[in-house]
């Protein structure tokens with residue numbers, strides 16, 4: 001760890017730091033700004049971003065870190081393309097759409113500047129419904145009111161794909177809301193919404209809050225939906241006891257998340273970020289148990305974009321390349 005402390009490069013984050021840097025003498029301005037792009041504060045991306053920012057601050061000399069809450073995957077990737085962030089989390093299907101330039105899901109042109117850092121944990125597609133709504137299966141959602149995530153967020157793209165694979169669309173619902181996780185749950189607690197679809201790590205805070213506040217059903221998604229959609233979707237299970245009142249395993253789908261950056265971030269910066277991440281995984285798990293799905297062995301699994309040279313350098317040292 002001492003060699004990390006002796007690095008000459010300091011990492012800083014955020015617009016406020018950038019503004020203050022302009023007032024410093026020229027000799028004091030050799031700073032790298034690292035903005036960690038996450039998601040809503042009630043999701044999994046945000047606490048992991050906070051844990052990483054502390055990790056970098058504690059182990060890189062003169063580091064000052066900050067985490068930016070965003071609408072998650074699609075916004076994060078578009079911000080990276082504009083060099084308005086240096087590290088981000090994003091869903092695998094969103095990263096692929098970004099690289100391909102899929103305008104229908106929010107990418108007006110191919111995002112050719114984004115680069116891979118590491119595969120992260122899998123997101124589980126979790127549909128939580130008020131028990132009194134009677135929703136137990138995908139088909140039961142017809143005629144009900146649902147929140148499907150912020151418009152063109154990674155969650156909303158997952159919702160659109162899953163309903164289409166089941167022969168459904170938003171038109172089948174009585175009402176469709178496009179809201180972040182916490183807002184969706186608040187509407188449900190106020191009896192203004194029947195259910196919410198959230199793409200997140202197991203034990204996401206928003207659904208935990210919901211299940212402890214009111215009787216909640218975790219809705220099953222059959223494995224054949226995963227077969228219809230294909231990669232990066234895969235069949236998965238939400239284990240019994242993940243949420244209050246959930247007494248049985250619930251079948252669902254999962255799609256892997258990725259840590260991504262952009263080509264303009266210096267090699268040394270990405271090397272240090274990658275190294276610190278994998279050498280301190282227990283600290284990420286302490287921030288959220290979903291991080292237990294992050295492993296060095298699986299770091300390159302399914303990477304949909306080219307690796308950043310800094311990450312590549314670390315993986316060569318670790319014997320993965």
Could you go through the range 214-234 and let me know if any residue there is under 24 Å from residue 295 (Cβ atoms) and in a strand (DSSP E or B).
yes
State all residues of the range 177-191 that are more than 15 Å from residue 135 (Cα to Cα) and either more than 22 Å from the chain's Cα centre (by Cα) or part of a helix (DSSP H, G or I) (or both); if no residue qualifies, say none.
181, 182, 183, 184, 185, 186, 187, 189, 190
Would you check which residues across the range 296-314 are free of Cβ contacts under 8 Å to residues at least 24 places away in the same chain and either surrounded by fewer than 19 Cβ atoms within 10 Å (Cβ to Cβ) or under 17 Å from the mean Cα position of the chain (by Cα) (or both) and list them?
297
So residue 253, is it over 25 Å from residue 84 (Cβ atoms), in contact with a helix residue (DSSP H, G or I) (Cβ under 6 Å, 6 or more places away or on another chain) and in contact (Cβ under 8 Å) with a residue 60 or more places away in the chain
yes
Return yes when residue 261 is farther than 26 Å from residue 131 by Cα and within 18 Å of the chain's Cα centre (by Cα) and no when it is not.
yes
Taking the range 144-175 as the region of interest, how many residues are buried (at least 17 other Cβ atoms within 10 Å of the Cβ), touching a strand residue (DSSP E or B) at 6+ places or on another chain (Cβ under 6 Å) and not in a loop (DSSP other than H, G, I, E, B)?
7
Filtering the range 167-201 for residues that are touching a helix residue (DSSP H, G or I) at 6+ places or on another chain (Cβ under 6 Å) and modelled with pLDDT under 95 leaves a count of 4
Applying the selection to the range 205-236, what residues are without any contact (Cβ under 8 Å) to a residue 24 or more places away in the chain and loosely packed, with under 15 Cβ neighbours inside 10 Å?
224, 227, 230
Looking only at the range 278-295, which residues are touching a helix residue (DSSP H, G or I) at 6+ places or on another chain (Cβ under 7 Å) and either crowded, with 16+ Cβ neighbours inside 10 Å or free of Cβ contacts under 8 Å to residues at least 12 places away in the same chain (or both)?
280, 283, 284, 285, 287, 288, 291, 294
Could you go through the range 51-59 and let me know if any residue there is modelled with pLDDT under 95, in contact with a helix residue (DSSP H, G or I) (Cβ under 6 Å, 6 or more places away or on another chain) and surrounded by fewer than 22 Cβ atoms within 10 Å (Cβ to Cβ).
yes
How many residues are in contact with a strand residue (DSSP E or B) (Cβ under 8 Å, 6 or more places away or on another chain), over 14 Å from residue 159 (Cα atoms) and not in a loop (DSSP other than H, G, I, E, B) when one looks only at the range 192-213?
4
Residue under question is residue 241, and the condition is that it be surrounded by fewer than 15 Cβ atoms within 10 Å (Cβ to Cβ), in the same structural domain as residue 211 (by TED's automatic domain parsing) and out of contact with any helix residue (DSSP H, G or I) (no Cβ under 6 Å at 6 or more places or on another chain); does it hold?
yes
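The values are calculated or read from the model by the stated rules, or taken from the named source; none is laboratory data. In this text the structure is predicted, and so the values were computed from the model without any measurement. Note that we place each Cβ from the backbone using ideal geometry, even for glycine, and neighbour counts take in every protein chain shown.
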